[in-house]
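Novice: Questions regarding the structure given below will be posed in turn.
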Amino acid sequence: MSKLVALCKRRGIVFQSSEIYGGVGSTFDYGPPGVEMKNNIARLWWQDMTFRHENIVGLDSAVILHPRVWETSGHVKKFHEEFIECRNCKKRFKSEDLFSIAKESFIRYIDAHLHKKPIQPKDMIITGEFLNRYINELDNELSQHPGELSDSFIDNIVNTFVDTIVRNLKHVTCPNCNETGFLTDPRNFQLMFKSNIGVVEDESNLIFFRPETAQGMYVDYRIVQESSRLKVPFGIAQIGKAFRIEITPGNFIFRTREFEQMEMQFFVRPGETSEWLQYWKEQRWNWYLSMGASPDKLRWAQHPQDKLPHYAREAWDVEYEFPFGWSELEGVHDRGEYDLKAHQEASGKDMTYFDDEQKARYIPHIVETSAGLNRTMLMLLCDAYREDVQAGESRVYLALDPKVAPVKAAIFPLVKKDGLAEIARAVADDLRGRWPVFYDAQGSIGRRYRRQDEIGTPYAFTIDYQTKDDGTVTVRWRDTLEQERIGKDRIGDFLIEKFGRL
Ligand code: ATP
């Protein structure tokens, strides 16, 4: 990750926001190649949803919705996280993360004790008097039942240990700074950003920044359906910013407080959510493959019934194996009638739909696909990052699918003099407007190639002395460095052949 973060900064792809003031925690700016790449991903998602499905339409709803939307959706009451802070090192942990670190340490601790292996100091997560209690219990059990301990005994002791931790945080060692006695009690935190509308700050004009784009699609569903004369099943797609006061932001642009979502809400007949959930799982999987993601680094993970988000009846995540481990890229959820029904009850407005085929009136059920734009970009960057050695020199390149690459072709004159720069500029100007191309005449040709490799430009065309004789140029392919000569008038056709019109 640190190499990728350095590359992104070096090439102005993504970097810390407000850096001249030391930056704001976990907010990032997308520089020239970064914004092109992000726009490409958004455009490809949009095309996949709205161009390819005649029954999916777009929407751009506001970031600030009526505060009652968030009461009704359950976010005011349920969109909370519990966290524990270390007063010594100031590190914050989601409670569940801290408890699972403690649990893993304890499992290693008893394993070491049982197999007479050395105990790692970092596994002494709670002060000795507490650990001894468990060790005595283990030894007692062993003396009564020599041989292996039963799984249920181990499970039981581990669960009791986790309960002990929850109630005795002042005896627990911080896994970050290894000091004991500094962890606070768990505190609940509302994850929505708040502000006030108008000049006076009071409860009456409190507003929230949306933590998901979905609610805008629910509250507007009737007007969109009626104005576009849509029939169930149909979908509404939206790309936009969302905001969450994440307690543990991090991993570069993986988890930030301001981010973009690409969400599609699909309205279906009650009783048909399972088959649509299946359909959308397949569609979304294939979309990631079409973006060039490695299939062996993608997988599905289902949320267990007791860990479902408050609105979902069934929830699946597409996960990617990032350098920091398998993590969520997108959620595909069966939200049932939860949201529309709640809005109907709270607003008193009719949210039903009349199905003239079935001659029935009902509240449509919803299957949602909810992807992160920034996360998708991070995934594609991680997936494309390559290092190799060419003629004794190491190089870094991004093997991005040409569809998502920020620049499609670089045009270089071998040298600036002897009229080569003029020919190269004319070639670049001819292509500009059809594709994002980059003209560069400065510095050694090798360095110019490497700069383009680092932002994933698939093809570089070099105008040299031979161009003046026979009108041909050299094409160099980023991944293999293979070169061939083609007529300079054929560059446009060559690019169309390689990746079509944009
Ligand atoms: P996580 O478990 O990672 O916090 P989540 O389950 O809360 O994610 P959802 O509410 O399902 O996420 O949001 C849908 C998608 O929005 C996520 O799959 C992710 O791609 C994106 N997303 C959510 N929170 C963030 C964030 N803080 N930064 C960047 N992207 C995010």
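Novice: One residue is enough: does region 361-371 have a residue meeting the conditions over 17 Å from Ser73 (Cα atoms), touching a residue at least 40 places away in the same chain (Cβ under 8 Å) and touching a strand residue (DSSP E or B) at 6+ places or on another chain (Cβ under 6 Å)?
Specialist: Looking for residues that are over 17 Å from Ser73 (Cα atoms), touching a residue at least 40 places away in the same chain (Cβ under 8 Å) and touching a strand residue (DSSP E or B) at 6+ places or on another chain (Cβ under 6 Å), one finds at least one in region 361-371, hence yes.
Novice: Counting just the residues of region 204-234 that are polar (S, T, N, Q) and surrounded by 18 or more Cβ atoms within 10 Å (Cβ to Cβ), which one comes out farthest from Glu246 (Cα to Cα)? Reasoning before the result, please.
Specialist: Going residue by residue through region 204-234, those that are polar (S, T, N, Q) are 204-205, 213, 215, 225, 227-228.
So of that shortlist, the ones also surrounded by 18 or more Cβ atoms within 10 Å (Cβ to Cβ) come out as 213, 215, 225.
Values: Thr213: 17, Gln215: 19, Gln225: 34 Å.
Result: Gln225.
Novice: Further question on the same structure: Going through Leu340, Leu329, Leu308 one at a time, which residue ends up being within 16 Å of the ligand (Cβ to nearest atom) and over 25 Å from Asp383 (Cα atoms)?
Specialist: Answer to the check: Leu308.
Novice: Given the criterion modelled with pLDDT under 95 and touching a strand residue (DSSP E or B) at 6+ places or on another chain (Cβ under 6 Å), identify the matching residue among Ala312, Ala391.
Specialist: Only one candidate passes the filter, namely Ala312.
Novice: For region 349-366, indicate whether the set of residues that are within 16 Å of the ligand (Cβ to nearest atom), more than 28 Å from Asp29 (Cβ to Cβ) and in contact with a helix residue (DSSP H, G or I) (Cβ under 9 Å, 6 or more places away or on another chain) is non-empty.
Specialist: Within region 349-366, one or more residues are within 16 Å of the ligand (Cβ to nearest atom), more than 28 Å from Asp29 (Cβ to Cβ) and in contact with a helix residue (DSSP H, G or I) (Cβ under 9 Å, 6 or more places away or on another chain).
Novice: Related question: Residues in region 226-234: is at least one within 12 Å of the ligand (Cβ to nearest atom) and within 27 Å of Trp276 (Cα to Cα)?
Specialist: no
Novice: Here is a further query. What tally of residues in region 235-257 results from selecting those that are within 8 Å of the ligand (Cβ to nearest atom) and either without any contact (Cβ under 8 Å) to a residue 12 or more places away in the chain or not in a loop (DSSP other than H, G, I, E, B) (or both)?
Specialist: Adding up the residues that qualify gives 2.
Novice: Looking only at region 455-499, which residues are more than 31 Å from the chain's Cα centre (by Cα), under 30 Å from Cys8 (Cα atoms) and of a type in the set (S, T, N, Q)?
Specialist: Thr462, Thr474, Gln483
Okay, residues lined up against (1) in a helix (DSSP H, G or I); (2) at pLDDT below 95; (3) touching a Gly at 6+ places or on another chain (Cβ under 6 Å); (4) assigned by TED's automatic domain parsing to the domain that holds Gly372:
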site	(1), (2), (3), (4)
Leu7	yes, no, no, yes
Gly12	no, no, yes, yes
Phe15	no, no, no, yes
Gly23	no, yes, no, yes
Ser26	no, yes, no, yes
Asp29	no, no, no, yes
Pro33	yes, no, no, yes
Glu36	yes, no, no, yes
Asn40	yes, no, no, yes
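Novice: Which members of region 280-293 meet the condition of being assigned to a helix (DSSP H, G or I) and surrounded by 14 or more Cβ atoms within 10 Å (Cβ to Cβ)?
Specialist: Within region 280-293, Trp280, Lys281, Gln283, Arg284, Trp285, Trp287, Tyr288 qualify.
Novice: Can you tell me which of Gly23, Gly12 is small (Gly, Ala, Ser) and touching a Ser or Thr at 6+ places or on another chain (Cβ under 9 Å)?
Specialist: Residue meeting the stated conditions: Gly23.
Novice: Hey, another quick one. How many residues are among the polar types (S, T, N, Q) and either within 12 Å of the ligand (Cβ to nearest atom) or in contact with a Cys (Cβ under 8 Å, 6 or more places away or on another chain) (or both) if we restrict to region 258-270?
Specialist: Final tally of qualifying residues: 1.
Novice: A further question follows. Of the residues Arg451, Arg476, which is within 21 Å of Leu398 (Cβ to Cβ), charged (D, E, K, R) and assigned to a helix (DSSP H, G or I)?
Specialist: After ruling out the rest, the residue left standing is Arg451.
Novice: For region 42-56, which positions are under 15 Å from Pro402 (Cα atoms) and either among the basic types (Lys, Arg) or not assigned by TED's automatic domain parsing to the domain that holds Thr369 (or both)?
Specialist: Within region 42-56, just Arg43 meets the criteria.
Novice: Given the structure, is Leu414 in contact with a helix residue (DSSP H, G or I) (Cβ under 9 Å, 6 or more places away or on another chain) and closer than 18 Å to Tyr30 by Cα?
Specialist: no
Novice: Hand me the list of strands (runs of 3 or more DSSP E) wholly inside region 370-435 holding 3 or more residues that are within 22 Å of the chain's Cα centre (by Cα), buried (at least 20 other Cβ atoms within 10 Å of the Cβ) and assigned by TED's automatic domain parsing to the domain that holds Arg43.
Specialist: Working: elements: 385-390, 393-398, 409-413.
Filter on region 370-435 gives an empty set.
Novice: Do you know which of the residues in region 152-175 that are of a type in the set (S, T, N, Q) and surrounded by fewer than 15 Cβ atoms within 10 Å (Cβ to Cβ) is modelled with the lowest pLDDT? Can you show your working first?
Specialist: Filtering region 152-175 for residues of a type in the set (S, T, N, Q) gives 152, 156, 159-160, 164, 168, 173.
Within this subset, residues satisfying the condition of being surrounded by fewer than 15 Cβ atoms within 10 Å (Cβ to Cβ) are 152, 156, 159-160, 168.
Numbers: Ser152: 87, Asn156: 91, Asn159: 90, Thr160: 91, Asn168: 91.
Selected residue: Ser152.
Novice: Select from region 311-321 the residues that are within 11 Å of the ligand (Cβ to nearest atom) and either closer than 21 Å to Arg255 by Cα or touching a residue at least 60 places away in the same chain (Cβ under 8 Å) (or both) and list them in ascending order.
Specialist: Tyr311, Ala315, Trp316, Asp317, Val318, Glu319, Tyr320
The values are calculated or read from the model by the stated rules, or taken from the named source; none is laboratory data. Here the structure is a predicted model, which is why all the values come from computation and not from measurement. So basically every Cβ, Gly included, is an ideal-geometry build from the backbone, and we count neighbours across all protein chains shown.
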